[in-house]
Structure formats: structure tokens, C-alpha cells
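Quick note: the coordinates plus some simple rules give every number you see, no bench work behind them. Since the model is a prediction, treat every value here as computed from it, not as a measurement. Here the Cβ is made from the backbone with ideal geometry for all residues, glycine too, and neighbour counts use every protein chain on show.
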Amino acid sequence: MTKPRVVLVNQYCYPDVASTGHLIHTLAHELARDHGFEVEVITTQPSYGDKDTWVDLPSVVREDGVTFRRVWVPRVSKNILAGRAIKDLTFLIQLQLRALFGRQRGTVYLYTTAPPYGAFVGAVCRLLRRQTYCTLLYDSYPHLGVWVGTFRKGGLIERVWHWVNRRMYKGASRCIVLCKAAARLLESNYPIDPAKIRPIPNWADGDKLFPIPKKDTNFAKAHGLAETFTLLYSGNMGLYYEFDTVLKAAEILKDEPFRLVLVGGGGKKAWCEEQVRQRGLTNTIVLPYQPFETLNDSLNACDASLVTIAKGIEGISFPSKLYTSLAVGKAIVAISEPNSELRDIVTDSSCGVWAELGDAEGLAELLRGMMRDPARTESMGAAARELFEQRYTRQVCAAQYAAVLREAGEQAGVFQPAGATP
């Protein structure tokens, strides 16, 4: 029997530093190895992070049953709006040509929101080539652009973008979202049958990321963290994560045995560095992304892991950092709005503590409690790993993707029903 074929479309893919690129890379291998799919990934050369993370790779690579096709795009900073638009457009033009003239028989396409309007290619191909496709909502545009202030609410750009989205989602066989808030966002903005929307969370690789004692990590030894309570943030310091609350808490705790470590890059990294200087936070350090091969070591170099999301952003985006933090079995310190799904996950599972955005005094007191009771903090970390193994491993989540993709393909008649004879 011919294998069902899926094409995953995401602008970034491992070894790029974008978290979505790692997720797509892992998903591709899981679908090929454990779920019987023929898998192709259409992506670009690494260019998401700083220049020192850019590498040149072959345009076509086949590994372990997965074909990776990397198209050329200009390498410009994602933080430069015009350059990012040119990069997106270059990718979309090539993607449209590949999708129009590529194989449709026995194939389901999965378009992510990197770039945000990528699934419009699927909508066009559905009309011209009867393409079957699903969408995967990582970040919701134009909502995110309006929230950031890139363009005006009610303006022409927003209205055109919503028009594009309506076509994208109307033609999709299934719409995958990361959380319930994102499902509500789609339902309230677009004419989508709720039965088509499927929440599937992101994940981390529990084989590569696992708990080890902080004192045994090279990162903790190198930065003098082994003997002091350490709160670590590791990942994208983007505009839709909030750091003011934790920096104010660090200022409150500056004369106590507390360290704050911010690791990564992104639009708020320079602001965080400047705040550390202005506030004289000798208990806080800001560091660049750590090498992939030492990521488990650096993620474990703490007593608690910070996960934060800015006001008004949940549903528009969701912090993938939660899953890597759960994987290494560290207590979670979550900062969000009160009605946040992030808060529910952390408090319902007793894997950490939650503070409201802006409540630096409350956060400082929670951190004092964790410092006073290390046994309780360790038990939160154990609960974090247990929750991870139940709900957020690559195997658990990939199985959900496989089920949704098969369902979409079988309903459209492009996949043979499981168990049927050819």
C-alpha cells in the first residue's frame, strides 16, 4: 500500500534556533518513523537568530525517511519589518510554485503560521489543484501585529489580512491550535466549523531534555549558580513576553540569596540588558542562546524556570518554553493574566507557582517561599516532569497530529482508510 504523504510547510527548521523549527523537525521524524507517513518539509536556510547561528545547508536533504527542501530567501533580521516582508514574500512565491506544480495525489499539506499567511497558498491550490490542507496556528496575525502596534486596528492592513485569513481557514480541512484560547480566537473571528478546530499543544523531546541536579551542571558551575537559588529564563525574549515584573522582583530581592538568569535573544533582549544596568541588578545576568548540544545542561542550571506571557497575548500566541521547562523537571514560575490557561496548567498540576503580571511584590514573596522550602520546590519539579510525560512528550503530541492528518486525508478521499485493501 502507498504510504499517506504529508508536506509540512514552515519557514524555519532545525538547526535554526526558532522553536517552531525544532518542533517541525521533530514532528516530521515522528510521523515518518512511528506513524507510517511519507514526509516532506519545505523550509528555508537558517536565518531566524543572530548571524552566528546561520549555517549553509544543502537544498535537499533526505534523512530517516524525511525529505527536507530548503528554498533560498534573503537573510535579513526578522526584527527589520521591511526585510522580513521581503523574506516572507520570497518564500511564498517559491512555495506557491512548488505547491501548484507539486504532487497532490495522496498528499495532505500542513501550513504553519511561519509565515503568517502561508496557508493562503493552500487556499489557492485548493481552488486550482484541489489540494487538501490543514493549518497550524502558532502565532495569530493580524492580532499580534495590532497588539505590538505594527499596524492600526481597523486599518486597511488589518482588514485585508482578515480577508486572507477567512479564505485560508475556510478552505482548510482541519485547523490545529495550541490552546483553548486560540480555538476561541478563531471561532470568534472567522466562519469556521468548531468541529474542524483541534487543540494540540507543543512539546519537548524528553529523551534529550531530562532532569539533572543543578549542582552537577557545567553551566551552574561556570556562572556561580550552584549554591544560590536561581530562576532561569531560556528562549526567545520576544515582544510578547513580559520581563518587567520579574526584573522588579529581582530588584526587591537584590540583597537576598537569589539569582535571575535570562538566556536567549529577541526583540526585548537589549531592553532587558539596559534594565539590568539601570537598576544595578548585580543578581541578574543576561546571556546569549546556548549551543544545542549543551541545552539540557543549561536548562537544568536552576531551581525554578520562568515562563511568562504578556497581557492580551494569550490565544494570539502561547509560550513553547513551558514544555522544555516541564521536561527538565524544574518548578515553574508563571507570570500571566489571571484568566490564563498557563496559570491553570501550572496551578492545577501543582508544578509551580503563579504571579499576576505587574505584581512584583507578590512574585518576590513567592520566590522567598521557594527559597525557604527547597523540598517543596523540588516536589514541584517532580510534578512538572510527571505532567510532561503525561501530556507533552513528542510521542503523545505527534500521535495527535497523525490522527488529525489521517482524518483530514481520509475525509477528503486522498488517503485510503486505515485497514482498507488497495
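Under 5 Å from the amide H of Gly352 lie the amide H atoms of Ile332, each residue being 5 or more positions distant or on a separate chain, with H modelled from the backbone and absent for Pro and chain starts. Structural descriptor for the chain: relative contact order 15 percent, calculated from alpha carbon pairs under 8 angstrom and at least 6 residues apart. Straight-line cross-link partners of Lys87 among the lysines, defined as a Cα under 16 Å from its Cα and at least 8 positions apart when in the same chain: Lys51, Lys78. Using R0 = 25 Å, the C-beta based FRET efficiency linking Glu227 and Ile252 works out to 0.75. Considering only beta bridges that DSSP places wholly inside the chain, some 5 percent are antiparallel. The calculated 222 nm mean residue ellipticity attributable to helices in the chain amounts to -13000 deg cm²/dmol, summing -39500 (n - 2.57) over DSSP H runs of n ≥ 4 and dividing by all residues.
Given their separation in residues at 0.36 nm each and the Cα-Cα distance between them, Arg279 and Leu57 gain 75.7 nm when the chain is fully extended. So if I take the centroid of the Cα atoms in the range 194-254 and the same for the range 1-22, what is the distance between those two points in Å? Between the Cα centres of the range 194-254 and the range 1-22 lies a distance of 25 Å.
Modelled label positions at Arg372 and Asp207, each set 7 Å beyond Cα in the direction of Cβ, lie 4.4 nm from each other.
Taking the average, over residues, of other Cβ atoms within 10 Å as the packing measure, peptides 232-239, 184-191 rank 232-239, 184-191 from highest down. The range 142-190 and the range 56-132 have Cα centres spaced 20 Å apart. When the alpha carbon gyration tensor of the range 214-391 is reduced to an equivalent ellipsoid, the three semi-axes, largest first, read 20, 19, 17 Å.
Only Cα pairs under 8 Å and 6+ residues apart enter the sum, and on that basis the relative contact order of the range 214-391 stands at 23 percent. Under a 5 Å amide H cut-off, with hydrogens placed 1.01 Å from N, Val71 pairs with Thr43, Thr44, Gln45 among residues at least 5 apart or on other chains.
Once the Cβ-Cβ distance between Lys180 and Glu356 is put in as r, and R0 is 25 Å, what FRET efficiency do you end up with, to the nearest 0.05? In this case the efficiency is close to 0.80.
Sequence-distant contacts, meaning Cα pairs under 8 Å at least 6 residues apart, place the relative contact order of the range 205-275 at 37 percent. Here Lys196 is the anchor, and the lysines within straight C-alpha reach of less than 26 Å, apart from those fewer than 8 places off in the same chain, are Lys3, Lys170, Lys180.
For the range 356-422, the calculated P(r) over all alpha carbon pairs, in 10 Å bins from 0 to the bin holding the longest distance, is 17, 22, 21, 15, 12, 11, 1 percent.
If you stretched the chain out fully between Asn218 and Ile86, how much longer would it get, using 0.36 nm times the residue separation minus the C-alpha to C-alpha distance?
So the extension gain works out to 43.4 nm.
Scanning residues 5 or more positions from Thr284 or on other chains, those with amide H under 5 Å from its amide H are Leu260, with H placed 1.01 Å from N in the peptide plane. Gain on full extension, evaluated as 0.36 nm per residue between Arg391 and Thr347 minus their Cα-Cα distance, stands at 14.3 nm. Plainly put, the chain has a radius of gyration that is 0.97 times its Kirkwood radius, both from alpha-carbon atoms, as the Rg/Rh ratio.
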